[in-house]
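The structure appears below as structure tokens.
The values are calculated or read from the model by the stated rules, or taken from the named source; none is laboratory data. Note that this is a predicted model, so its numbers are computed, not measured. Neighbour counts run over all protein chains shown; Cβ positions are idealised from the backbone, glycine included.
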Amino acid sequence: MIQTQKQAWDQQQQQQQQQQQSLVQGVQNSGSLSFSSSNLSREDEEMSKSALLTFRAKEEEIERKKLEVKEKVQLQLGRVEEETKRLAIIREELEALADPMRKEVSVVRKKIDQVNKELKPLGQSCQKKVIFCIIVCFCQQGNPCFRHD
């Protein structure tokens, strides 16, 4: 977006310069004609010179303003670059903060998996004991489905 604004500004400046050059040529041509012509009075010559000086002064003022705007744009571009660098640094810092958390989560998950592995045989052992207790209880009550005659 900044590039397109800069390009548009450059095009506008080029158009202004072309207009100024054509005006300068016109004033110079009319000035040379008026100076060579004997019909014009000294007053007309002074007015032509004054107009040319005024035009040149305005041209210089436009050039100064153009340079000022260019400097301002360069300063803003510099600030944008600095802020972009700062954002990149902040992003890196955030990623560095996230990585230890990921490592910690990974360590905790491994511990949970290890405890689950240790508990699994205990759970199976308990289930076997419960089943055994149920069988014993049925046998003591004289349940015929568990007798082998």
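Residues that are surrounded by 13 or more Cβ atoms within 10 Å (Cβ to Cβ) and either outside any helix (DSSP H, G or I) or at pLDDT 75 or above (or both) within the stretch 10-31 comprise GLN13, GLN16, GLN17, listed in sequence order.
Determine, yes or no, whether ARG102 is modelled with pLDDT of 85 or more, more than 30 Å from GLN20 (Cα to Cα) and part of a helix (DSSP H, G or I). When the stated conditions are applied, ARG102 does not pass them.
Answer yes if at least one residue in the stretch 126-142 is over 30 Å from LYS6 (Cβ atoms), at pLDDT below 80 and either among the hydroxyl-bearing types (Ser, Thr, Tyr) or assigned to a loop (DSSP other than H, G, I, E, B) (or both), and no otherwise. The answer is yes, given that some residue of the stretch 126-142 is over 30 Å from LYS6 (Cβ atoms), at pLDDT below 80 and either among the hydroxyl-bearing types (Ser, Thr, Tyr) or assigned to a loop (DSSP other than H, G, I, E, B) (or both). If the condition is being farther than 20 Å from LYS6 by Cβ and either touching a residue at least 24 places away in the same chain (Cβ under 8 Å) or of a type in the set (Asp, Glu) (or both), then the stretch 75-96 contributes GLU92, GLU93, GLU95.
Condition check: of a type in the set (Gly, Ala, Ser) and at pLDDT 85 or above. Does ALA88 satisfy that? So ALA88 passes the test.
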